[in-house]
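Before any comments, here is the structure.
The values are calculated or read from the model by the stated rules, or taken from the named source; none is laboratory data. Since the structure is predicted, the reported quantities are computational estimates derived from the model, not experimental observations. Note that we place each Cβ from the backbone using ideal geometry, even for glycine, and neighbour counts take in every protein chain shown. Just so you know, the surface numbers come from the protein's heavy atoms only, side chains and all, with ligands and any DNA or RNA stripped out. Shrake-Rupley method; radii C 1.70, N 1.55, O 1.52, S 1.80 Å.
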Amino acid sequence: MKALILSTATGGGHNTAAHAVMEALTERGVECRFEDCVAFGGQKLSAAVSNVYVKFVQAAPDAFGRLYRFAKAISTPRIKSPVYLFNAAYARKMEQLLTDYAPDLIVCTHMFGGQSVTYLRRHDLWNGLFAMVMTDYTIHPFVEDIECDVMFTCKAAMPSARRLALPKSAYEFTGIPVSLSCRPCTDKRAAKEAVGLDPARPEVVLVGGSMGAGNLPEMIARILPVLGENGHLTVVCGSNVDALRRATEAYSSDPRVSLRAQVTPLTPLIAAADVLVTKSGGLTSTEAMTIGTAIVVAHPIAGCETENARFMEDNELALWAHTDDELTAKVADLLRHPEKRAEMIAKQHEKIDPDCARKIADILIRRTNEMMGRKTPDA
């Protein structure tokens, strides 16, 4: 059995989920190939799409939120969107790959790939199993364009999923897949030692996602007062060079602060955190909840990330700092009360399945075999 995995780099989460599914399928003997779906329109197009998205979110998160709300208002399964037309324009350039590689199933973790494959299916250019894996706790605008056989999402997304035209049988409420190596942390002291942190010091990790979104230097200023003399703060600035520069100028002389750019993989550092401060991207949040780490959500990007934050807050899986003053107070509260951290982590383990990627792989294999009329081998 062969699988083609399609994603693209608008943020790091879509690719992370794609590789998690790919890991699980490979473990089960499925031959897999990963491709950047937008790169079929040219490498320059792929780079431009990624750069525009990242710069937009970094420079104008409020404007991005307004655009998201507008897109949600006009999104409908009855009419294909302009975004669908954009991704359909290069879809036929996948034909040669589909002929040469001949995948039995295609898995998309980004809407762009899903729209391209929908175009191919509508024009009888490919007829294998077509699956979408959602990477947030909601359904994004223009996902209505996608006509897949199976959609992997979470139960929290069901209200927004009702606007789609898919049959009920298409939904699999597995959750969001993370790497097979992302497991619950059972020894915080060992996790700190593994990444070179002092196990005796309270550790706060501040993450702005792969793009370093949020005003990280200002957030550092809000967290420092509650660290005391013994606490330590690790800041991951991602690809945000300006945030790293400004934070270095302001805090490089403070021994309580460590500044980093990209950290790959991020999960060992998350496991070492007593408190994680993050913007509620779907994959980072799910990794943290899989590991079991107390979370304070701060400055989520308006749109899918605010929906993620609402899901986490409503289910007591994280605290949401709606203001900068709340950020200081909520980090302090979790640092001072280990029992509150333990209660939050227990709820995370109740809600988040660490074997989601494997369950997705098993369903994909079963459904593909059913489509092809073959008996599913025992997992």
Does segment 121-140 contain at least one residue that is among the hydrophobic types (A, V, I, L, M, F, W, C) and in a helix (DSSP H, G or I)? no
Among the residues of segment 87-120, how many are in contact (Cβ under 8 Å) with a residue 12 or more places away in the chain and either of a type in the set (Ser, Thr, Tyr) or in a helix (DSSP H, G or I) (or both)? 22
Within the bounds of segment 8-16, is there any residue that is outside any helix (DSSP H, G or I), among the polar types (S, T, N, Q), within 27 Å of ILE360 (Cα to Cα) and open to solvent by less than 50 Å² (accessible area, probe 1.4 Å)? yes
Where the second residue is assigned to a strand (DSSP E or B) and the first is farther than 16 Å from GLY208 by Cβ and lies in segment 278-297, which pairs have Cβ atoms under 8 Å and are six or more apart or on separate chains? MET289/ILE295; THR293/VAL275; THR293/LEU276; ALA294/VAL275; ALA294/LEU276
Specify the residue that is nearest to ASP325 (Cα to Cα); the eligible residues are those in segment 271-297 that are in a loop (DSSP other than H, G, I, E, B) and not basic (Lys, Arg). SER280
In the list PRO255, PRO268, PRO300, which residue meets the criterion of being under 25 Å from MET344 (Cβ atoms), open to solvent by 30 Å² or more (accessible area, probe 1.4 Å) and either of a type outside the set (S, T, N, Q) or not in a loop (DSSP other than H, G, I, E, B) (or both)? PRO268
Scan segment 226-246 and give yes if some residue there is in contact with a His (Cβ under 8 Å, 6 or more places away or on another chain) and open to solvent by less than 10 Å² (accessible area, probe 1.4 Å), otherwise no. no
Counted residues in segment 271-297 being more than 18 Å from CYS356 (Cα to Cα), open to solvent by 10 Å² or more (accessible area, probe 1.4 Å) and small (Gly, Ala, Ser) come to 1
Does GLN43 satisfy the condition of being farther than 19 Å from THR135 by Cβ and over 24 Å from the mean Cα position of the chain (by Cα)? no
Residues located in segment 213-237, provided they are out of contact with any strand residue (DSSP E or B) (no Cβ under 8 Å at 6 or more places or on another chain) and at pLDDT below 90: ALA213, ASN215, PRO217, GLY228, GLU229
Just checking, does segment 326-345 include any residue being over 19 Å from ALA273 (Cβ atoms) and part of a loop (DSSP other than H, G, I, E, B)? no
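Looking at segment 19-52 only, could you name the residues that are part of a helix (DSSP H, G or I), open to solvent by 60 Å² or more (accessible area, probe 1.4 Å) and either under 24 Å from VAL178 (Cα atoms) or in contact with an Asp or Glu (Cβ under 8 Å, 6 or more places away or on another chain) (or both)? Even if it seems obvious, please write down each step before you answer.
Step one: list which residues in segment 19-52 are part of a helix (DSSP H, G or I), which gives 19-27, 37-41, 43-52.
When the remaining residues are screened for being open to solvent by 60 Å² or more (accessible area, probe 1.4 Å), the result is 19, 23, 26-27, 43-44, 51-52.
Correct list: HIS19, GLU23, THR26, GLU27.
Restricted to segment 311-356, and to residues that are basic (Lys, Arg) and in contact (Cβ under 8 Å) with a residue 12 or more places away in the chain, which residue is most open to solvent (accessible area, probe 1.4 Å)?
LYS351
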Against the definition (of a type in the set (Asp, Glu) and assigned to a helix (DSSP H, G or I)), how does ASP353 come out, yes or no? no
Can you pull out every residue in segment 141-164 that is open to solvent by 10 Å² or more (accessible area, probe 1.4 Å), touching a helix residue (DSSP H, G or I) at 6+ places or on another chain (Cβ under 7 Å) and part of a helix (DSSP H, G or I)? ALA156
